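Undergrad: Structure in structure tokens, see below.
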Amino acid sequence: MFRIPSWRHATLAAGTCTALTALVMGGAWGAQATTSDTAAPRARAAAPDIDVAAVQAHLSELQTVADNNGGNRAHGRPGYKASVDLLKSRLDAAGFTTTVQEFDHSGAKGYNLIADWPGGGVDQVVMAGAHLDSVRGGAGINDNGSGSAALWEVALAVAKADLKPTKHLRFAWWGAEEDGMIGSTHYVENLNRTDLGKLDAYLNFDMVGSPNPGYFVYDDDPELERTFTDWYQTKNIVTEPETEGDGRSDHAPFKDAGVRVGGVFSGAEAEKSAAQAKKWGGKAGESFDPCYHSSCDGKANIDATALDTNSDAIAHAIWKLSS
Ligand code: TRP
Ligand code: CA
Ligand code: ZN
């Protein structure tokens, strides 16, 4: 299968040279440094612990957006655009360069919110995304307020740390995922070859606070998978590879375009097995998310421990992969 076109190899080779140069320069700065406060060590600092209360506060705001807009945040409904406007204002205030990318789908305008963190390498981009839309039948707090809010707080943490990553960091909140990954597909289709070639990795977060949680790590790329599994291991959490999700969320168009993808997932309609309940707690024989795509996917439909752990994992991966 020739999924990765040859022009991509050329671009990646150029990117690797830049990364090597940066490494060598980083070493030189380290050797010359006589005082502790230099730029190089700061870029390699450990990720902060993400405060789950802040993530939960974002979820409350998304719940309020749904409550004020007919109970949902779905594509083509006012609750979706209100979600975009809310998040955009917070990211702008934190110093991100935001872009709203419009598209048309089934007779309605759709919106992707893209947020670039100024600086970082120009040749290599680490991108992380979450779909911000809900289904029409509910507020979509676990699916996918959870991934959206976790990434939102991690983005604010990047700003707070004034992170100076080696690679460029770009965050995305997708529209119309629930209609078939429309927003993310539109984004990938409209990237030119040069910009597509710069994408070093795409990380996806769709459902990370399921009320009867599992700990699944996308198995698409070994290095990205290990970045997560090694971290969970330090928390004594034994993960399972996410195999059910291939093609089921916004990483699919990136993977199809030859970009390496990763992510974590806490489970949707599938049932937790007895063995899984034994290692993760929760209820065997019940769905990871019994409110999946239902009206009960509201603020109460979140496991705070899973949301906390997964938010911390996301921060770790973004710090590590962009450093
Ligand atoms: N994307 C799905 C949705 O929004 C949720 C989902 C189900 C999922 N299985 C997955 C996401 C596996 C990521 C991985 O309805
Ligand atoms: Ca935390
Ligand atoms: Zn969904």
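The values are calculated or read from the model by the stated rules, or taken from the named source; none is laboratory data. These figures come from a predicted structure and were not determined experimentally. Cβ coordinates were reconstructed from backbone atoms using ideal geometry, including for glycine residues, and neighbour counts include every protein chain displayed.
Undergrad: What pairs can you find where one residue is in the stretch 46-62 and over 15 Å from Val208 (Cα atoms), the other is of a type in the set (Lys, Arg) and within 16 Å of ligand 3 (Cβ to nearest atom), and their Cβ atoms are less than 9 Å apart, with a gap of 6+ or different chains?
TA: Leu62/Arg73
Undergrad: Ok, one more. Output yes when any residue across the stretch 106-115 is at pLDDT 95 or above, among the basic types (Lys, Arg) and in a helix (DSSP H, G or I), and no when none is.
TA: no
Undergrad: Can you name the helices (runs of 4 or more DSSP H) wholly within the stretch 1-96 that have at least 2 residues being out of contact with any Asp or Glu (no Cβ under 9 Å at 6 or more places or on another chain), modelled with pLDDT under 95 and away from ligand 1 (no atom under 16 Å from the Cβ)?
TA: In the stretch 1-96, the matching helices (runs of 4 or more DSSP H) lie at 6-32, 39-43.
Undergrad: Of all residues in the stretch 280-323, which are within 16 Å of ligand 1 (Cβ to nearest atom), in contact with a strand residue (DSSP E or B) (Cβ under 7 Å, 6 or more places away or on another chain) and among the β-branched types (Val, Ile, Thr)?
TA: Correct list: Ile314 only.
Undergrad: Among the residues that make up the stretch 195-209, is at least one of them buried (at least 24 other Cβ atoms within 10 Å of the Cβ), touching a residue at least 24 places away in the same chain (Cβ under 8 Å) and among the hydroxyl-bearing types (Ser, Thr, Tyr)?
TA: Looking through the stretch 195-209, at least one residue is buried (at least 24 other Cβ atoms within 10 Å of the Cβ), touching a residue at least 24 places away in the same chain (Cβ under 8 Å) and among the hydroxyl-bearing types (Ser, Thr, Tyr).
Undergrad: Now, a different point. Quick one: which of Gly145, Gly119, Gly137 is modelled with pLDDT under 95, outside any strand (DSSP E or B) and either at negative phi or surrounded by fewer than 17 Cβ atoms within 10 Å (Cβ to Cβ) (or both)?
TA: That would be Gly119, the only listed residue that is modelled with pLDDT under 95, outside any strand (DSSP E or B) and either at negative phi or surrounded by fewer than 17 Cβ atoms within 10 Å (Cβ to Cβ) (or both).
Undergrad: May I ask you to list the residues in the stretch 174-202 that are touching a helix residue (DSSP H, G or I) at 6+ places or on another chain (Cβ under 8 Å), outside any helix (DSSP H, G or I) and within 12 Å of ligand 1 (Cβ to nearest atom)?
TA: Scanning the stretch 174-202 gives Trp174, Ala176, Met181.
Undergrad: Ok, one more. Mind counting the residues in the stretch 267-305 that are more than 16 Å from ligand 2 (Cβ to nearest atom), part of a helix (DSSP H, G or I) and among the hydrophobic types (A, V, I, L, M, F, W, C)?
TA: 4
Undergrad: Taking the criterion of being surrounded by 14 or more Cβ atoms within 10 Å (Cβ to Cβ), on the phi > 0 side of the Ramachandran plot and within 15 Å of ligand 3 (Cβ to nearest atom), would at least one residue in the stretch 293-301 satisfy it?
TA: yes
Undergrad: Could you check Thr243 against (1) within 13 Å of ligand 1 (Cβ to nearest atom); (2) of a type in the set (Val, Ile, Thr); (3) modelled with pLDDT of 95 or more and say which number it fails?
TA: Every listed condition holds for Thr243 apart from (3).
Undergrad: Has the stretch 244-259 got any residue that is assigned to a helix (DSSP H, G or I) and among the charged types (D, E, K, R)?
TA: Yes: one or more hits.
Undergrad: Only one of (1) over 18 Å from Ala172 (Cα atoms); (2) surrounded by 17 or more Cβ atoms within 10 Å (Cβ to Cβ) fails for Arg226. Which number is that?
TA: All conditions pass for Arg226, except number (2).
Yes or no, residue by residue, for (1) more than 16 Å from ligand 3 (Cβ to nearest atom); (2) among the small types (Gly, Ala, Ser); (3) free of Cβ contacts under 8 Å to residues at least 60 places away in the same chain; (4) surrounded by fewer than 17 Cβ atoms within 10 Å (Cβ to Cβ):
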{"site": "Ser273", "(1), (2), (3), (4)": "yes, yes, yes, yes"}
{"site": "Gln276", "(1), (2), (3), (4)": "yes, no, no, no"}
{"site": "Trp280", "(1), (2), (3), (4)": "yes, no, no, no"}
{"site": "Glu286", "(1), (2), (3), (4)": "yes, no, no, yes"}
{"site": "Asp289", "(1), (2), (3), (4)": "no, no, no, no"}
{"site": "Asp303", "(1), (2), (3), (4)": "yes, no, no, no"}
{"site": "Leu307", "(1), (2), (3), (4)": "yes, no, no, no"}
{"site": "Asn310", "(1), (2), (3), (4)": "yes, no, no, no"}
{"site": "Ala315", "(1), (2), (3), (4)": "yes, yes, no, no"}
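Undergrad: Quick check: is even one residue across the stretch 251-260 more than 27 Å from Leu191 (Cα to Cα) and either within 8 Å of ligand 1 (Cβ to nearest atom) or of a type in the set (S, T, N, Q) (or both)?
TA: Scanning the stretch 251-260 turns up no residue that is more than 27 Å from Leu191 (Cα to Cα) and either within 8 Å of ligand 1 (Cβ to nearest atom) or of a type in the set (S, T, N, Q) (or both).
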